[in-house]
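Asks: Can you read through this structure? Questions will come right after.
Coordinate-derived values only; no laboratory data. Predicted, not measured: the structure shown is a model, and the values here were computed from it. Every residue, glycine as well, gets a Cβ built from its backbone with ideal geometry; the counts of neighbours run over all protein chains shown.
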Amino acid sequence: MRKEVTTHEIAIAMGESQDWLWERLKEKGRNSFSSTHELRGVMDEEFNELREEFNELREALHIGDQDKIVHELKDIFVVAVFGLACLKAGKLEW
C-alpha cells in the first residue's frame, strides 16, 4: 500500500524548493527568459542533464544517495517556477 504524503511534508519540500529558487536567482539574476523558445531550451537542458546522469541517479538510488536526486529535482522546479513567473508577468516574447 502506498503511503500518503502529509501536508506538512509537502510544505517542507516546497520550502526547500523555494529556498533553492532564491539561491539560483542570486547566482543567475532575475532577467526574464527572452522567449518561450529560450524557456524551452533551459527546460530541455535540465531534462537532458537529468537523462545524461540517469545512470548516476540509478546508482545513487541503489546506494541511497538522495542528495543528488533532490538537487536535480530542485533545478527542474526552479526553471519551471521562474518560467511560469516570466510568462504570467508578460515578460516572454513569442
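Asks: On alpha carbon coordinates alone, what is the Rg over Rh value for the chain, Rh being the Kirkwood radius?
Replies: Working: Rg = 15.3 Å, Rh = 14.9 Å.
Using Cα coordinates only, the ratio equals 1.03.
Asks: With +1 assigned to the C-beta of every Lys and Arg and -1 to the C-beta of every Asp and Glu, and no other charges, what is the dipole magnitude of the chain about the Cα centre in debye, to the nearest 20?
Replies: That gives the chain a dipole magnitude of about 460 debye.
Asks: Counting only complete DSSP H runs, which helices of the chain cover 18 Å or more along their long axis at the Cα atoms and score a mean Kyte-Doolittle of 0.0 or above? Walk me through the numbers before you get to the answer.
Replies: Working: long enough: 7-28 (31 Å, -0.82); 36-52 (23 Å, -1.25); 66-88 (33 Å, 0.85).
Correct list, ordered by number: 66-88.
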